[in-house]
Structures are given as structure tokens and as C-alpha cells.
Amino acid sequence: MSYVYDTENIFAKILRGEIPNNTVLETDHTLAFEDIRPHAPVHILVIPKGAYVTYDHFAAEASDEEILDFTRAVAKICKTAGITADEAAGCRFISNAGEHGMQEVPHMHVHILGGRPLGRLVDPA
């Protein structure tokens, strides 16, 4: 499959500094910031700085260094936010992909949500 990255998506603009954000963590390959429409007391978006459209695109084409950096950033964010499963009640990670996955921004991102019970992820059909 060929992924086409839209350089004008909102996260690309955030990465270029064209749109402000409330940064939670920034590393060499990852940026994390507060969601502007939070759905939980903790709602942080984590994005790679590379031009990846979906998580499967990132997993297939990102360098080992990018993948490790992103994964360790997620862990650090959870620890800092106090929502790890070993220290609190846990959290949820969501990464929507494509039309059926209800992806709104065509830049790979993970939502980290926590701070309250979140209910079921998907209702049975």
C-alpha cells in the first residue's frame, strides 16, 4: 500500500510551529501535547515528527530509533501524568486509522486518555 502524506494537515502545521499547542513532551522524534477537545481529565496526543499517516504506516516504515523514541515517550507521558496501570487505575491508548477507523487527522497519532473510567471501547454490533 502506498501512503500519501498531506503536508497541510493540522499536526504537520503544529510540527512546523504554525499552530500553537500545549506541549507535554518533546523528543528528537516525538511531540506530545494536550488535546484541545479533551474527552477525559487526561487527554494527550502523541505524534511522530516523521510524515506517517497511520500507525501501521509508522510501524512498517519508521526507523527503529523513531519507533523506540515514540514508545518510550508514551511510557514517560503516562508516568508523568500519573495514569500508569501499576500506579493508578490505568489508561487507554487509541490510534484511529483510515475512514473505517474514524481517523480525522491524516498524521499518525495516539490518544492517551485517563483519569476516570472510560467505559467500553466499542459496543458489540
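The values are calculated or read from the model by the stated rules, or taken from the named source; none is laboratory data. Note that this is a predicted model, so its numbers are computed, not measured. Note that each Cβ is placed from the backbone with ideal geometry, even for glycine, and that neighbours are counted across all protein chains shown.
Summary table
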{"quantity": "Where residue 102 falls short, out of the listed (1) surrounded by fewer than 18 Cβ atoms within 10 Å (Cβ to Cβ); (2) touching a residue at least 40 places away in the same chain (Cβ under 8 Å); (3) more than 12 Å from the chain's Cα centre (by Cα)", "calculated": "(2)"}
{"quantity": "The lone exception for residue 111 - which of (1) surrounded by 15 or more Cβ atoms within 10 Å (Cβ to Cβ); (2) part of a loop (DSSP other than H, G, I, E, B); (3) not aliphatic (A, V, I, L, M) it fails", "calculated": "(2)"}
{"quantity": "Residues within the stretch 1-37 that are of a type outside the set (Val, Ile, Thr), over 22 Å from residue 68 (Cα atoms), in a loop (DSSP other than H, G, I, E, B) and free of Cβ contacts under 8 Å to residues at least 60 places away in the same chain, tallied", "calculated": "10"}
{"quantity": "Selection count, the stretch 32-47, where residues are farther than 17 Å from residue 116 by Cα and loosely packed, with under 13 Cβ neighbours inside 10 Å", "calculated": "1"}
{"quantity": "Qualifying residue in the stretch 8-21 (condition: more than 11 Å from the chain's Cα centre (by Cα), surrounded by 11 or more Cβ atoms within 10 Å (Cβ to Cβ) and of a type in the set (Lys, Arg))", "calculated": "yes"}
{"quantity": "Selection count, the stretch 83-95, where residues are part of a loop (DSSP other than H, G, I, E, B) and either at pLDDT below 95 or hydrophobic (A, V, I, L, M, F, W, C) (or both)", "calculated": "8"}
